[in-house]
């Protein structure tokens, strides 16, 4: 593991997490395919639903460009299963309940809402190239048009 937050150009450490449906995914095994990881705060919330639907709608385009797309949140596999079923999502959702991966990418941060402070995932997306290097990052993402912007970056690799 790297010390501190992963930086653009660095090799991404080994990532193995359970996904919706219970299968274990090892991202390193997908090389040389580029990988898109979109971190989102919570299943079944409005912004996260909109983002997951947008990436699902473009899944075939990402695959045509040679890339695999995964959503990641702290939610359990069971929560992911409900989210996928309710919204017919087609992108795999990885469960990072211990927040180990979110911490590597620096997206597990202190947040404030309604006057309360808490720890949570800051919506962010990362593009890992076919060599396993962090090629691009988008932090504090606004959902509208984001999946399309990431697809353009994948095509530009």
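Each value in this text was obtained by applying a stated rule to the coordinates, not by laboratory testing. Remember, it's a predicted structure, so these values are computed and weren't measured experimentally. For neighbour counting, all protein chains shown are included, and Cβ atoms are generated from backbone atoms with ideal geometry for every residue, glycine included.
Per-structure values
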| quantity | calculated |
| --- | --- |
| Residue check for residue 127: farther than 18 Å from residue 60 by Cα and in a strand (DSSP E or B) | no |
| Failed criterion for residue 129 (all others in (1) in contact with a strand residue (DSSP E or B) (Cβ under 8 Å, 6 or more places away or on another chain); (2) surrounded by 14 or more Cβ atoms within 10 Å (Cβ to Cβ); (3) over 17 Å from residue 13 (Cα atoms) hold) | (3) |
